[in-house]
Structures are given as structure tokens and as C-alpha cells.
Amino acid sequence: MGSRPVTRRLRLAVTGVALIAPLLFVAYVIASGPATIRISIDRSAFSTTSITVAVGQPVTLVIENRDFIDHEWIVGDDAVHAAHRTGSEPLHGTRATEVSIPALETARTTITFAERGTFAFICHLPGHEGYGMRGIVIVD
Ligand SMILES: [Cu+2]
């Protein structure tokens, strides 16, 4: 007979945790804000070529161009990159996933990746991709 109240208390505690845990998670996400990832560009090379981000969570990229020439940071699927390889858009700025970084400047963008997958990021200024200005974003 003595075990019954204990079982009930345990059930209440488990229910309480189940109800509170999602609220704590939401509070954590709001309090912590977007994750920040810093990338620098030196001599036409990205400082990192593999970035892992959480699906559905905003991430702010701070991209510092230390070169005396302009660069870009464009992330997307194959269709996005195919369009930019033949595109003529001189500057980007209205799409969070397409960033122009003028010489010796730092650009910021905040992106929430809505689907899992691996997406290339590439600088599409003439000759830069061929020189090796590319990497991947892993969304998990
Ligand atoms: Cu470049």
C-alpha cells in the first residue's frame, strides 16, 4: 500500500518535467539568440570550409574580408550556384543567403536553415570558385 503515493508522486513529477521541458527549451533559444559563426577571408581563401548549423535555429554569420579585393559568400543548392556562375548581378544584399563583402569590410547575415542537408557556399566572383573559394554548410 505504501508504494502507491510514491508512484503517483513520480507520475506527477514526470508529467511536470514533460510540461516544463519544452518551455525551458524555448526560453533557452530566445535567451541565447542566434548562434554566431565567424569566417574570415585571407588571400582569397575562407578560414573555414565546413560549417555545421542546427536546422530551424537562426545563425548569424560574421564574414570578415581581409583582402584588398571584394568577395562574396553565397549559400544554396545546385540551382542557386548554377544561376550565379552565369549571373551578372554585381552586388548582393537583399537575400540573407547571398552576401557581398567589399574589400577590407565585414558583412553580417542571419539565416535560418529550414531543411536538413548539405549546401555549398561559394564566392562567385570571376575565377574565385576555381581558385578554391568554396565550402559547405551542414544543416543537421
Ligand atoms: Cu572571392
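Numbers below:
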| quantity | calculated |
| --- | --- |
| Residue list for the stretch 109-123, given a label point 7 angstrom along the Cα-to-Cβ vector of THR52 and an amide N cut-off under 20 Å | 111-121 |
| Low-density loop cleavage sites - GluC sites (Glu not before Pro) in the stretch 41-140, where at most 15 other Cβ are within 10 Å (DSSP) | GLU105, GLU115 |
| Total formal charge among the other residues, if their Cβ is under 14 angstrom from that of ARG66, Lys/Arg +1 and Asp/Glu -1 | -3 |
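The numbers here are math on the coordinates, done by the rules we state, and not lab data. Everything numeric here is computed off the predicted structure, so don't read it as measured data. Please note: Cβ atoms are built from the backbone with ideal geometry, for glycine as well, and neighbour counts cover all protein chains shown.
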